[in-house]
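> The structure's right below; bear with me while I get my questions together.
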Amino acid sequence: MDFSQIDWADIGQATLDTLTMTGFSLFFTVILGLPLGVLLFLTGRKQLLEQRGVYALLSFAVNILRSVPFIILLIVLIPVTLLLVGTSLGVPGTIPPLVIGTTPFFARLVENVLREVDRGIIEACQAMGAKTHQIIIHALLPEALPGLLAAGTVTTIALVSYAAMSGVIGGGGLGDLALRYGYQRFQTDVMIVTVAILVLLVQLLQFFGDRLVLRFTRK
Amino acid sequence: MIGKIASVSVQWAPSAFSWFASVIRIEQLHKNYSVDGRSVSALRNINLQVRKGHIFGIIGRSGAGKSTLLRALNLLERPTQGRVHIEGQDITQFDSTELQQLRQRVGMVFQHFNLLNAKTVAENIDFPLKLAGQYTLEQRSRRVDELLELVGLADQRDKYPSQLSGGQKQRVGIARAIANYPHLLLCDEATSALDPETTKAILRLLLDINQRLGLTIVLITHEMQVIRTICDQVAVIEAGEIVEAGDVTDVFLHPQHAVTKSLVAENQALDLDALNHASRIPGSLLLRLTYTGAATWQPILSRIAAQTRAQMAILQGTIARIKDTPYGQLLVELSGTGTETEAVFGLFRQMQVRYEVIEEGAR
């Protein structure tokens, strides 16, 4: 194996692209997924704003998006991506499908994490005369913070691997590099390097995610 | 310490209805649940009054409905039918804003504390003050300091609940519940998760708060010991109905209903089964004598022995206190002629000793 032929500038750019895609997508996934998860939780059975119809509808939509394989979502969403960011290629063209693909996933994780919050704590807040939005902001989310951070870590890692797939529709990043050089041009060296970087990236994300969870665990 | 609290608390202004003797009046309260489409009755025709400044206990076995009843007092459980008046206002008619305002003024303490794990001790106590939205930051921090002092946790203010013992957690729970100057405190099995020593300390704290702040307390429990230690009145609940209610001394010393009797028996030295082994004089009477107040310290039996020729043997006895009332309860065997026995009964009445014939003409 000869690693001397590798264009490290390409690898560097691809790594940066992967980080950019993951970062922006994570930002929008949290912005959209957190409220969606909270809404799923609140409208669920025996919860503060129990609304069976709303819950069924949201739950159904989330399930639909989660059941479509990401690779298909990437292709189906091309018109939407064009509409949103003006291109379906490169780093910007990858972010909308990534966000749409992971938001339902993250929302479901959020819902599950919130269900783990002790009902007695919510009851105590109600007994103190807290309004629903006060319960969410001051009790529910802070109590669930370690779980939410863990869910965020899982989501970030899912984003890294989804981002790698976007090479198929002309996205950028490490996955794209691995696909084009490693698979299509039989440059195994590039493939090995990119995969190694991805492995390292995931390890680092999990490590810092776990540290963060521990940092905010008060139980 | 209380002087300091009262001087800072401008909020102590009594509400327009504080002259009402009854802080709580429950009328014909019913609660039904729907389980698998069937309607199950949790509370049936509950009528209750709780007087201002009193500690009112609700006792019952688990599943009797006491928790549902307590939660009807701040509408965490909405009754199916009936009225709940708090300080003269029917809270079942309140809209959600009025209800939130009411809840800010009614403290609640929980069996499992229900503290916010992500907040420190001081932040937990501050939370209801923050929710009330009517205090400045400085007022809030001063109030938190007062409360920490009051419950004896001044040195724990920046700890998290997970770093505290059960008793300390409950002290935080109590401080949080009384932070916003409530007139009424609801305690949901506040000592059931605590060991006997800690239970005593927490009950002392509740009694202390009741006496110093004039706060009305309603508590639910399954332990007669809790009722006996701090309550003024008690209601016994069984299968969703109140089967007996009244002053603790009456209910405790002269229980009428079977459930009350069995709850009292768990807490009492008088054990009738053990007496079956005692050797007994033929023709004697087995009596239960009950006397309260000043009579407790009188030499009742020796006076009777000096004035009649009847014989009395003490088989079992307790001299103890129900809250502030001393009482004595003795199981004695009385033997003598009919006239002698009558004379003894006369003396009992004279000395205000209640007697009950448990068994006549034993073997």
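The values are calculated or read from the model by the stated rules, or taken from the named source; none is laboratory data. What you see is a predicted model, and the numbers here were worked out from it, not measured in a lab. Methodologically, a virtual Cβ is constructed for each residue, glycine included, from the backbone with ideal geometry; neighbour enumeration extends over all protein chains shown.
> Checking residue A:130 against (1) more than 13 Å from every other protein chain (Cβ to nearest Cβ); (2) buried (at least 21 other Cβ atoms within 10 Å of the Cβ); (3) in a loop (DSSP other than H, G, I, E, B), only one condition comes out false. Which one?
It is condition (1) that residue A:130 fails.
> Continuing with the same structure: Would you confirm whether any residue within segment B:75-93 is at the interface with chain A (Cβ under 9 Å from one of its Cβ atoms) and surrounded by 20 or more Cβ atoms within 10 Å (Cβ to Cβ)?
Initially, segment B:75-93 is screened for residues at the interface with chain A (Cβ under 9 Å from one of its Cβ atoms), giving B:76.
Cutting the leftovers down to surrounded by 20 or more Cβ atoms within 10 Å (Cβ to Cβ) gives us none.
Among the residues of segment B:75-93, not one is at the interface with chain A (Cβ under 9 Å from one of its Cβ atoms) and surrounded by 20 or more Cβ atoms within 10 Å (Cβ to Cβ), which makes the answer no.
> Considering each residue of segment A:114-140, count those that are hydrophobic (A, V, I, L, M, F, W, C) and without any contact (Cβ under 8 Å) to a residue 40 or more places away in the chain, and give that number.
Going residue by residue through segment A:114-140, those that are hydrophobic (A, V, I, L, M, F, W, C) are A:114, A:117, A:121-122, A:124-125, A:127-128, A:130, A:135-137, A:139-140.
Imposing the further condition that a residue be without any contact (Cβ under 8 Å) to a residue 40 or more places away in the chain reduces the set to A:117, A:121, A:124-125, A:127-128, A:130, A:137, A:139.
Qualifying residue count, segment A:114-140: 9.
> Against the condition facing another protein chain (nearest Cβ under 9 Å) and modelled with pLDDT of 95 or more, how does residue A:139 come out, does it pass? Let's see the steps before the verdict.
Values: facing another protein chain (nearest Cβ under 9 Å): yes; modelled with pLDDT of 95 or more: yes.
Spelling it out, residue A:139 is indeed facing another protein chain (nearest Cβ under 9 Å) and modelled with pLDDT of 95 or more.
> Given the conditions (1) under 30 Å from residue A:174 (Cβ atoms); (2) crowded, with 17+ Cβ neighbours inside 10 Å; (3) more than 12 Å from chain B (Cβ to nearest Cβ), and given that residue A:82 satisfies all but one, which numbered condition is not satisfied?
For residue A:82, the failing item is (2).
> Scan segment B:65-110 residue by residue and report those that are farther than 25 Å from residue B:130 by Cα and among the polar types (S, T, N, Q).
Residues satisfying the conditions are B:67, B:68, B:80, B:81, B:89, B:92, B:93.
> Only one of (1) buried (at least 20 other Cβ atoms within 10 Å of the Cβ); (2) in contact with a helix residue (DSSP H, G or I) (Cβ under 7 Å, 6 or more places away or on another chain) is not met by residue A:124, so which one is it?
Against the list (1) buried (at least 20 other Cβ atoms within 10 Å of the Cβ); (2) in contact with a helix residue (DSSP H, G or I) (Cβ under 7 Å, 6 or more places away or on another chain), residue A:124 comes up short only on (2).
> On to the next question. Would you confirm, using the coordinates I've provided, whether residue A:76 is in contact with a helix residue (DSSP H, G or I) (Cβ under 9 Å, 6 or more places away or on another chain) and closer than 27 Å to residue A:178 by Cβ?
Numbers: in contact with a helix residue (DSSP H, G or I) (Cβ under 9 Å, 6 or more places away or on another chain): yes; closer than 27 Å to residue A:178 by Cβ: yes.
The answer is yes for residue A:76.
> Restricting to segment B:96-141, give me the number of residues that are within 8 Å of chain A (Cβ to nearest Cβ) and of a type in the set (S, T, N, Q).
Of the residues in segment B:96-141, 5 are within 8 Å of chain A (Cβ to nearest Cβ) and of a type in the set (S, T, N, Q).
> Which residues, taken from segment B:142-170, are more than 12 Å from every other protein chain (Cβ to nearest Cβ), polar (S, T, N, Q) and either loosely packed, with under 14 Cβ neighbours inside 10 Å or outside any helix (DSSP H, G or I) (or both)?
Within segment B:142-170, B:165 is the sole residue that qualifies.
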